[in-house]
Amino acid sequence: MENKSVEEFIKVLDNHIKECQKTGKYMEALSTTNRRDQLIENIQIRKREFILQRHTIERSELENAQLDQFTQFSKKWEERMFESSKKAESQRDKLSTRHQQELDGIVFQLESQPLKSRPSKSLLELRALEALLAKNERYIDAHNVKTKADIHEMIELSHESNKQRAAFQVLESNLLTQQENERNALDQQIKKEKEALKKLMMEDLQRFLKKFNHLLLELETQHSIELSKLSASGYQNSVPSPRKKLAPLQLDSPKLQSPPSPPTSTFRRKVTTSPSIHTKKWR
């Protein structure tokens, strides 16, 4: 039954009730009154069901829009986290390559650098004696002196080689310590960058959820006011006006940048302020 026709029919019943009162037809007035009241009650029930159905659709639209935006939000931050991890791994690889090149350089320097041993005074004397004996054709004596001088020279060269190797070991140890410090510094830098990025993500998430909570509170308040007006309206304007379609939630909209956080007790679904970045369910 159309709204206008229902209103007119209720007016007809009201007029008939008054007519029955004037003519003393009280039982018929009672019957008509009951009929009118039942009609009004049915209208109110239908109207409430219609409004509640529309409220459910509007709430579902808001939640679906939020879910779509949250999916985009999660994807954006997953990409940023992946790029950050990829950058950190690249920095570690470059540092490790440079450290290995530095160590290889020390080894090459040790193996390629000739020994610079300065003969001792006793070795020089043995070589001079060897030359003098050979010049005087005392070859056996010269051979014996030469053997002794060669052994002495080998000992001096071995001693010099050990000194040189020890010096390179000190150099290598210092280099390893320096490289360890560089690795620790890089790890600290990467850790700080990761924590800063995580903090930025959580702040972005707080703003994102705050916007949704504000819109949800606004919608719930609007619904509550509409139901309150229905309860107080009687049978007037029994058919509700067409609902207004909600605009999609805009993550980057300047509106509601920092809306107040609404109380969760009025919500059909409770939204937490720190869910996992991978969570895609609101319940």
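Since every read-out is calculated from the coordinates, none of them should be taken as a lab result. No experiment lies behind these values; they were computed from the predicted model shown. Note that each Cβ is placed from the backbone with ideal geometry, even for glycine, and that neighbours are counted across all protein chains shown.
Convert each backbone phi in the range 58-68 into a coupling constant with the Karplus relation 6.51 cos²θ - 1.76 cosθ + 1.60 (shift: θ = phi - 60°), then list the ³J(HN,Hα) values in order as whole Hz, x for Gly and Pro.
With coefficients 6.51, -1.76 and 1.60, one gets 5, 5, 5, 4, 5, 5, 5, 4, 5, 5, 4 Hz.
Within the set of other residues whose C-beta is less than 14 Å from the C-beta of E172, count the net charge using Lys and Arg as +1 and Asp and Glu as -1. Before the final figure, lay out the partial values.
Working: positive: R165; negative: E102, D104, E111, E180.
Counting the neighbours of E172, the net charge comes to -3.
Largest first and in whole Å, what are the equivalent-ellipsoid semi-axes of the range 156-239 based on the Cα gyration tensor, each being the root of 5 times an eigenvalue?
Numbers: eigenvalues 1267, 7, 5 Å².
Largest first, the range 156-239 gives 80, 6, 5 Å.
Within the range 81-107, whose backbone N sits under 20 Å from a point 7 Å along Cα→Cβ of L176?
Label zone hits: 95-107.
Over all directions, average the projected area of the Cα convex hull of the range 25-67 and note it in nm².
Numbers: hull surface 9.6 nm².
Quarter of the Cα hull surface area: 2.4 nm².
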